[in-house]
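Report on one structure; see the data block that follows.
The values are calculated or read from the model by the stated rules, or taken from the named source; none is laboratory data. On a predicted model such as this, the values are computed, not experimentally measured, just so you know. Reconstructed Cβ throughout: ideal geometry from the backbone, glycine too, with neighbour counts over all protein chains shown. The area values use the complete protein model at the heavy-atom level, side chains included, leaving out ligands, DNA and RNA. Shrake-Rupley method; radii C 1.70, N 1.55, O 1.52, S 1.80 Å.
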Amino acid sequence: MESITLAAIASTLIFKAFEKTGESLGEGFSKTVGWLLKFIREEFESKRIEGIVKNLEEDPSEVNKTIFTEVLKVQLSSDREFSEKLENLINDIRSEKEFSQVAFDEIDIQGSAEIGNIRQSSSGADKSNQRAFTNVRVGKNLKMGDIDQKS
């Protein structure tokens, strides 16, 4: 894969994870995107340009995103080993499967409703997405048991 493509994919994965978490980079990431950021950070540290990642983590502005992506392109085009390792890591991330569970989505109950306990659990998936009661409208009363979500 070309360095421009690798840099674009890696940057997009990191930036999208940031948008989803609403936190600073490095916190709240999926395990694999965290690995990706750690891998790039270590490479930048070895080249003594770790400030690029630090600036991005502290202030993920468009300017810092652009600088990060451009520096990543340069590093990938000048270091074949780094490029190959990053490509392998991205391929690993892309091959992961996401496991989703949804309970009660887009339901409109005109009267009253009584719902028992709800349990959602998953194991063996690195990426799990569990949601309960999203976009639910109840006209009168809702009586509900416990909701237990485990991943």
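Would you point out which residue out of Ile90, Ile49 is outside any helix (DSSP H, G or I) and either open to solvent by less than 80 Å² (accessible area, probe 1.4 Å) or polar (S, T, N, Q) (or both)?
On the way: Ile90 fails: outside any helix (DSSP H, G or I).
The match here is Ile49.
Within segment 37-87, which residues are of a type in the set (Asp, Glu) and touching a helix residue (DSSP H, G or I) at 6+ places or on another chain (Cβ under 7 Å)?
Scanning segment 37-87 gives Glu43, Glu50, Glu87.
Given the options Phe104, Phe82, Phe68, name the one that is aromatic (Phe, Trp, Tyr) and at pLDDT below 80.
On the way: Phe82 fails: at pLDDT below 80; Phe68 fails: at pLDDT below 80.
Only one candidate qualifies: Phe104.
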Counting only residues in segment 1-46 that are touching a strand residue (DSSP E or B) at 6+ places or on another chain (Cβ under 9 Å) and assigned to a helix (DSSP H, G or I), the one modelled with the highest pLDDT is identified as Thr32
